[in-house]
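Taking it in order: structure first as structure tokens, then the write-up.
The values are calculated or read from the model by the stated rules, or taken from the named source; none is laboratory data. These numbers come from a predicted model, not from an experiment. Cβ coordinates were reconstructed from backbone atoms using ideal geometry, including for glycine residues, and neighbour counts include every protein chain displayed. To get the accessible areas, we keep the full protein, side chains included, count just its heavy atoms, and leave off ligands, DNA and RNA. Shrake-Rupley method; radii C 1.70, N 1.55, O 1.52, S 1.80 Å.
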Amino acid sequence: MDGAPPLVRIVAAELAEGLTGVLVGAAADVPVFTAVDDLRLSGTAGRVQIVGLGVLTLLWAVNFLVARPRQLREFGSAVAVHGLSVPGQAEERTRQLRRGCVRVAVFVILTTAGGVFLIHLPLFGLTVQLMLLLGLVHTWRTAVWWERRHGVHLWKPALSAVGREKWRASPYYTTAPVAGVRGPAGLFRME
């Protein structure tokens, strides 16, 4: 796999990016909701924000439910590989995981600030954070469950390294888990 983009664990990448987005969003919400005088939560603007928050979050949840069977089929057709311990790849995987977290954090800050200062809808940033929270739950219920059931780890090229289109087209890969690594602490371990 020399010259190939670094593979990252799906669970580690998605949970780290989602958790980063939720935490950064919560930190960004504190100054927004305490410093902004008019949150526009009453009247027509308030109804639009609340309905928009509910509808977008519901659509995102339905999207996860609809996509779940397809995703489980893709997990089942994952290519088995042995030994992802190519020298230097562990550092590259860690760098790509950090890069993905930074990208999500910047996106959440921009949507929160843009929602408040550009489109004057403070709940827009909160909607993005709820979507990320649903993504965390979906990852936990789908990928973690699948890995535990089959006794393997799922891998894919780092999204931040290859771009969205190549990431979607690339297959999943599986490896045997490291012996003795169990529980949430082992999710972020780089073998």
* Structure fact -> For the chain, the longest principal axis of the Cα atoms and the Cα long axis of helix 10-35 enclose an angle in degrees, to the nearest 10, of 20
* Dipole size in debye (nearest 20) for segment 82-154 around its Cα centre, Lys and Arg Cβ +1, Asp and Glu Cβ -1? -> 100
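If I stretch the segment between ALA35 and LEU58 completely, what's the gain in nm (0.36 nm per residue apart, minus their alpha carbon distance), one decimal?
Values: separation 23, 0.36 × 23 = 8.28 nm, distance 2.89 nm.
Value of the extension gain: 5.4 nm.
Quick check: at a probe of 1.4 Å, how many percent of the accessible area of the chain sits on carbon and sulfur atoms? It would help to have the intermediate numbers written out before the result.
Numbers: 7130 of 10860 Å².
Here it works out to 66 percent.
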* Cα long-axis angle, helix 123-139 against the chain (0 to 90 degrees, to the nearest 10) -> 30
* Sorted by packing (mean other beta-carbon atoms within 10 Å per residue), highest first, where do 124-134, 59-69 land? -> 124-134, 59-69
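Where does the chain land on the Kirkwood hydrodynamic radius, alpha-carbon pairs, in angstrom? Spell out each step's value before the answer.
Numbers: mean 1/r = 0.0551 Å⁻¹.
Computed over the chain, the radius equals 18.1 Å.
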* **Computed [θ] at 222 nm, deg cm²/dmol, the chain (DSSP H ≥ 4; -39,500 (n - 2.57); rounded to nearest 500)** => -21500 deg cm²/dmol
* Ignoring ligands, DNA and RNA, what accessible area per residue does the chain give at 1.4 Å, in Å²? -> 57
* Structure fact -> Taking the dipole of the chain about the Cα centre (Lys, Arg +1; Asp, Glu -1; charges at Cβ), the one of HIS82, VAL116, VAL32 that reaches farthest to the positive side is HIS82
* Asked: How far is helix 89-117 tilted off the main Cα axis of the chain, in degrees rounded to 10, range 0 to 90?
  -> 10
